[in-house]
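What follows is one structure encoded as structure tokens, with my remarks underneath.
Please treat every number below as a calculation from the coordinates, not as lab data. A quick note: this is a predicted structure, and the numbers were derived from the prediction, not measured. Glycine also receives a Cβ, built like all others from the backbone with ideal geometry; neighbour counts cover every protein chain displayed.
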Amino acid sequence: MRWEPERDSLPRLLAFVYAPLAVALWWAARRLMQAYDGRGVCALLETTGVACPTCGGTRAVLALGRGDLTGAVVENPLVAAGAVLLALWFLHAAAATALPRLRVTPHLSAVEARGLRMAAAAAFAVTWVYEIIRQA
């Protein structure tokens with residue numbers, strides 16, 4: 001992987017759209033979870049008895065909001081990791097907007113991109129198996 005100068009500012013600037021949306025969704029999730037006494041409702045789990053890969057995702061994000069990283073990982077490791085990565089993306093976007101020398105983007109080779117896709121698919125599958133076992 002090598003770092004190249006930013007060619008397009010749109011991905012960086014979209015962080016400033018997604019960050020307030022994420023905060024609004026977190027706030028809405030807190031309100032909805034209070035109505036369900038801290039437990040969410042998963043349509044797939046309710047109808048088939050099989051947990052979906054994102055089961056516990058809302059509780060994981062709420063745990064992150066409370067600063068409970070361990071609780072977030074227990075609820076759903078993939079959603080917790082994704083939320084942390086999104087927060088890091090926003091922090092980088094804010095820093096790069098303030099400091100132009102930080103405006104870089106990673107460039108992956110074809111092999112690296114394929115490896116990243118395979119790692120993401122494996123993480124998805126492992127999380128799904130984890131959720132099925134945990135909800136059983």
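Would you grab the residues whose amide H sits under 5 Å from the one on Val104? Only those 5+ places off in sequence or on another chain, please, with H modelled 1.01 Å from N.
Amide H neighbours of Val104: Glu6.
Return the sequence-ordered ³J(HN,Hα) values of the stretch 61-72 in whole Hz as given by the Karplus equation 6.51 cos²θ - 1.76 cosθ + 1.60 applied to θ = phi - 60°, using x for Gly and Pro.
Once θ is set to phi - 60°, the couplings for the stretch 61-72 become 5, 5, 5, 4, x, 7, x, 9, 5, 4, x, 5 Hz.
What is the dipole size for the chain, taken about its Cα centre, with +1 at each Lys and Arg Cβ and -1 at each Asp and Glu Cβ, in debye to the nearest 20?
Computed about the Cα centre, the dipole is about 240 debye.
How far apart, in nm, are two points set 7 Å out from the Cα along the Cα-to-Cβ line at Arg66 and at Leu45?
1.6 nm
Taking a spot 7 Å from the Cα of Glu6 along the direction of its beta carbon, which residues of the stretch 84-118 have an amide N less than 12 Å from it?
90-106
Return the FRET efficiency for the residue pair Cys52, Arg31: r is the Cβ-Cβ distance, R0 is 22 Å, and the value is rounded to the nearest 0.05. Before the final figure, lay out the partial values.
On the way: r = 22 Å, r/R0 = 1.01.
Using R0 = 22 Å, I get an efficiency of 0.50.
Show me the three semi-axes of the equivalent ellipsoid for the stretch 7-135, from the C-alpha gyration tensor (sqrt of 5 times each eigenvalue), largest first, rounded to whole Å.
That gives 30, 21, 11 Å for the three semi-axes.
Among Ser109, Leu78, Ile133, whose Cα projects farthest towards the positive end of the dipole of the chain, with charges put on the beta-carbon of Lys, Arg (+1) and Asp, Glu (-1)?
Of the candidates, Ser109 comes out farthest on the positive side.
What distance in nm lies between label points placed 7 Å from Cα along the C-beta direction at Ala136 and Ala95?
Between Ala136 and Ala95, the simple spin-label model gives 4.2 nm.
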